[in-house]
Every structure is written in C-alpha cells, then in structure tokens.
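The next block holds one structure in the form of structure tokens; read it before the comments.
Laboratory data are not the source of any read-out in this text; all were calculated from the coordinates shown. Remember, it's a predicted structure, so these values are computed and weren't measured experimentally.
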Amino acid sequence: MTAPPITPVIPSSARPAARGRRAAGTRRPLPLARPMAIPSVPGDVFYGIGRIDASGRIADRAVISVLGWRCGDRLTLTADAGVVTARRDAAGMAAMTAKPYIVIPAALRRRCGLEPGDRVLLAAVPGDDMLSAYPLAVVDQAIRVYGASPRAQGGQP
C-alpha cells in the first residue's frame, strides 16, 4: 500500500495584513512605572539645619535673615511638645543680637531635652514672623508616625 505523497504547504513570501497589527516600524511603547509624586515644599516656609552650642545658641544666617529680624528686636520664646518657637514681640524677654543667632534659654532647652551639639530643623515662616526649632528626635518621630522611614517600608535602617 502506497499512499500518495502529501503536497508541501509553503507560505507565500507576501505577508498578509493581520488584524490588529501595526504597520512595520511602529511599536506600542511598553508601560513604564511612574515615580511617586513628591509634594513640593511650601513657598512660605524656609528650612535649615542648625546645631545648638554650649550656650544654647542656634545660628543659621540664611534662615534667620529671611525673617528680617534685626539687632535689638525683642523675641518671645515658647516650647510646646519638644518644639521651640521664637516670635518677634515688642514685650519679649529675649533680644536679637548683631549676629544672626537665636539663644534658647536653659529652662526651655531642658524642657525639650536639647543638649549642646544637638541638631535641629529650623523652619522660618516670614508671614507669621516666626521661627521654630524642631529637634531631630521630634522629626524622626513624625517620620515614623507617617510611615515614611526606610525601616517602616522594609528597607535598611
């Protein structure tokens, strides 16, 4: 029994247009991961980092100069939840000196747990005529509460 030979099926060299295909040379771009939107820093707040010296002085020329405080201006300093706030106040107990620094009294430093050499985040708000000093321990606590620390996301400490 001999079967008749099967004729070969050879596709033609002309490509038929397939449904849904794009023309040669045009490709659909691959989807890319988009970076997370980073909020911008408000334009009415100016930030800096300062270090407290043994006398309780914090100096950051750029941040303090934004406020326009001059030698002789009276300041009121308060402490609340670890944050020291200075406001210009004609009846204030502290006075600005010729040099651009703020002196935090010892009682306020003790209340906030500030020691010589500690770094603080300075936030100046010219519209409110106010300067706040946040100890980095307070900043760290805020970051952990909002889950933005690398450790909270499973990263390396």
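Listing for the model above:
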| read-out | value |
| --- | --- |
| Matching label, volume of the Cα convex hull per residue in Å³ computed from the structure shown, candidates (1) 114; (2) 258; (3) 190 | (2) |
| Nearest 10 degrees, 0 to 90: helix 136-145 Cα axis against the chain principal axis | 40 |
| Backbone HN-Hα couplings from phi across the stretch 75-82 [Karplus 6.51/-1.76/1.60, Hz, Gly and Pro as x] | 10, 10, 10, 10, 10, 8, 6, x |
